[in-house]
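Reviewing the structure listed below.
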Amino acid sequence: MEALKISHCFLLWFMCSTVLFLNALQPCFAFTSFVFGDSLVDAGNNDYIFTLSKADSPPYGIDFKPSGGHPTGRFTNGRTISDIVGQAFGAKSFPPPYLAPNTQANSILGGINYASGASGILDKTGVLFIGRVPLREQVDNFEQSRSYMVKVIGEKNAMKFLKKAIFSVTIGSNDVLNYFQPTIPFLGYGKVSPNLFQDFMVSNLTIHLKRLHLLGARKFIVVGVGPLGCIPFIRAIKLLPSGQCSAEVNELIQGYNTKLNGVLDQLNQELGPEAIFVYANSFDIFMKIIGNYHQYGFEDANEPCCGGNFPPFICFKSSGTNRSSALCADRSKYVFWDAYHPTEAANMIVAKGLLDGDESVSYPINIRELYNYNS
């Protein structure tokens with residue numbers, strides 16, 4: 001009996017201490033985010049798997065100040081959009097990659113990044129890169145993080161904690177890119193119609209969003225696919241002249257984004273106001289940058305800063321040698337970092353638009369309003 005009393009007292013002490021600990025941490029970790037997606041927001045998960053999609057060597061990360069300019073696995077020269085948004089809310093550090101060692105404790109601190117380069121909404125997207133973590137598996141990984149939370153602070157406190165966190169989902173670009181690469185048949189059966197492909201993407205993404213909701217997510221920011229028809233890679237494989245975008249690619253994306261926005265509106269009606277799904281219109285923001293790049297302080301919206309705009313599109317710098325791909329003199333003057341990804345300078349403009357934009361950019365509310373949203 002005495003042993004049972006001691007055990008019971010210890011359990012009560014542990015639970016009270018944990019709650020007090022988390023309350024004390026609130027001012028330090030005022031912004032908690034769980035990041036899902038592809039290479040646009042990958043913070044280094046692909047560094048821990050066997051894959052051809054990596055950003056673990058220079059000059060990637062050359063302008064990322066927290067690492068002193070060393071690569072972190074981010075597919076750009078500096079910060080991603082999710083990094084910039086977090087800093088806007090006072091975050092002193094970034095959600096670590098889930099696959100890095102000893103990151104579980106961060107799930108009840110500042111959040112975790114589950115994103116993976118080359119991944120997609122559909123499981124088979126990115127198969128040529130071998131390793132990647134599709135969105136379905138990213139949600140699986142979050143479920144493991146949630147189990148850890150429940151073990152440490154209990155189900156009730158975990159749900160209370162998750163209710164305040166922001167869940168960002170930035171994915172779909174690789175699904176579209178794979179669709180327009182004839183060497184990668186969709187699901188092994190050849191290419192389906194654009195309309196059907198859009199429906200596949202939206203329906204599968206909806207399944208994953210609903211699953212996150214069941215696991216406790218309440219504040220969602222879902223980023224639409226940007227104008228991939230204008231990235232250097234697509235311009236190159238489509239043999240387009242400088243300054244011209246692929247109308248075919250952008251039309252498919254706009255159709256998908258419209259359907260996605262409609263589904264998110266339905267989810268708000270079904271699951272709101274306790275939950276809210278925000279659609280982030282990155283397509284229009286980025287098209288404005290490309291169309292008016294001089295007004296934003298850029299000098300080039302066509303060529304990538306690093307790696308060139310023809311196959312194999314590799315951005316690299318060999319350590320200990322002078323061998324490297326072409327690298328522009330001033331990264332802040334380029335819209336594109338490599339053949340696929342924006343520079344930090346472009347990311348900063350997109351992040352600002354999503355943080356404070358009107359309903360044409362972020363619907364039904366912007367990210368700053370989402371942060372303060374209480375159902």
Scan 296, 334 and give me the residue that is closer than 30 Å to residue 237 by Cα, of a type in the set (Ser, Thr, Tyr) and open to solvent by 70 Å² or more (accessible area, probe 1.4 Å). 296
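Check whether at least one residue in the stretch 28-36 is of a type outside the set (Lys, Arg), outside any loop (DSSP other than H, G, I, E, B) and open to solvent by 30 Å² or more (accessible area, probe 1.4 Å), and report yes or no.
Let us first name the residues in the stretch 28-36 that are of a type outside the set (Lys, Arg), namely 28-36.
This time we only want the ones that are outside any loop (DSSP other than H, G, I, E, B), so: 33-36.
Still in the running and open to solvent by 30 Å² or more (accessible area, probe 1.4 Å): none.
Looking for residues that are of a type outside the set (Lys, Arg), outside any loop (DSSP other than H, G, I, E, B) and open to solvent by 30 Å² or more (accessible area, probe 1.4 Å), one finds none in the stretch 28-36, hence no.
Being modelled with pLDDT under 95, more than 15 Å from residue 282 (Cβ to Cβ) and touching a strand residue (DSSP E or B) at 6+ places or on another chain (Cβ under 6 Å) is the requirement here; does residue 375 meet it? Outline the logic, then answer.
Values: modelled with pLDDT under 95: yes; more than 15 Å from residue 282 (Cβ to Cβ): yes; touching a strand residue (DSSP E or B) at 6+ places or on another chain (Cβ under 6 Å): no.
Spelling it out, it is not the case that residue 375 is modelled with pLDDT under 95, more than 15 Å from residue 282 (Cβ to Cβ) and touching a strand residue (DSSP E or B) at 6+ places or on another chain (Cβ under 6 Å).
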Starting from residues that are out of contact with any helix residue (DSSP H, G or I) (no Cβ under 6 Å at 6 or more places or on another chain) and under 26 Å from residue 121 (Cα atoms), keep the ones in the stretch 139-158 and report whichever is surrounded by the fewest Cβ atoms within 10 Å (Cβ to Cβ). 144
Take residue 281 and decide whether it is under 25 Å from residue 34 (Cα atoms), touching a residue at least 12 places away in the same chain (Cβ under 8 Å) and touching a helix residue (DSSP H, G or I) at 6+ places or on another chain (Cβ under 8 Å). yes
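Just the residues that are in contact with a Phe, Trp or Tyr (Cβ under 7 Å, 6 or more places away or on another chain) and in a loop (DSSP other than H, G, I, E, B), please, taken from the stretch 101-112.
109, 110, 111, 112
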Does the stretch 299-316 contain at least one residue that is modelled with pLDDT of 85 or more, open to solvent by less than 60 Å² (accessible area, probe 1.4 Å), among the polar types (S, T, N, Q) and in a loop (DSSP other than H, G, I, E, B)? no
Which condition from (1) in contact with an Asp or Glu (Cβ under 7 Å, 6 or more places away or on another chain); (2) open to solvent by less than 60 Å² (accessible area, probe 1.4 Å); (3) assigned to a loop (DSSP other than H, G, I, E, B) is the one that residue 47 breaks? (3)
Take the stretch 222-245 and flag every residue that is surrounded by fewer than 20 Cβ atoms within 10 Å (Cβ to Cβ) and small (Gly, Ala, Ser). 236, 242, 243
Checking residue 194 against (1) over 19 Å from the mean Cα position of the chain (by Cα); (2) under 25 Å from residue 252 (Cβ atoms); (3) without any contact (Cβ under 8 Å) to a residue 40 or more places away in the chain, the condition it does not meet: (3)
The number of residues in the stretch 77-98 that are among the polar types (S, T, N, Q), open to solvent by less than 40 Å² (accessible area, probe 1.4 Å) and either at pLDDT below 95 or under 13 Å from the mean Cα position of the chain (by Cα) (or both) is 2
Cβ contacts < 7 Å: first residue under 19 Å from residue 272 (Cβ atoms), restricted to the stretch 356-375; second residue part of a strand (DSSP E or B) and aromatic (Phe, Trp, Tyr), any location; separation 6+ or different chain. Result? 363/279
Do the conditions hold for residue 192, that is, is it touching a Phe, Trp or Tyr at 6+ places or on another chain (Cβ under 6 Å) and open to solvent by less than 70 Å² (accessible area, probe 1.4 Å)? yes
Give 115, 91 a once-over and let me know the one that is of a type in the set (A, V, I, L, M), in a loop (DSSP other than H, G, I, E, B) and closer than 22 Å to residue 372 by Cα. 91
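State all residues of the stretch 99-138 that are charged (D, E, K, R) and surrounded by 24 or more Cβ atoms within 10 Å (Cβ to Cβ); if no residue qualifies, say none.
We begin by selecting, within the stretch 99-138, every residue charged (D, E, K, R); these are 123-124, 132, 136-137.
Listed by number, the list holds a single entry, 132.
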Could you list all residues from the stretch 73-99 that are in contact with a strand residue (DSSP E or B) (Cβ under 9 Å, 6 or more places away or on another chain) and hydroxyl-bearing (Ser, Thr, Tyr)? 76, 80, 82, 98
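Go through 127, 139, 150 for me and flag whichever is under 30 Å from residue 231 (Cα atoms) and more than 14 Å from the chain's Cα centre (by Cα).
Values: 139 fails: more than 14 Å from the chain's Cα centre (by Cα); 150 fails: under 30 Å from residue 231 (Cα atoms).
Matching residue, one of 127, 139, 150: 127.
The values are calculated or read from the model by the stated rules, or taken from the named source; none is laboratory data. As the structure is a prediction and not an experimental result, all values here were calculated from the model. Neighbour counts run over all protein chains shown; Cβ positions are idealised from the backbone, glycine included. Areas reflect the complete protein model, heavy atoms only, side chains present, ligands, DNA and RNA absent. Shrake-Rupley method; radii C 1.70, N 1.55, O 1.52, S 1.80 Å.
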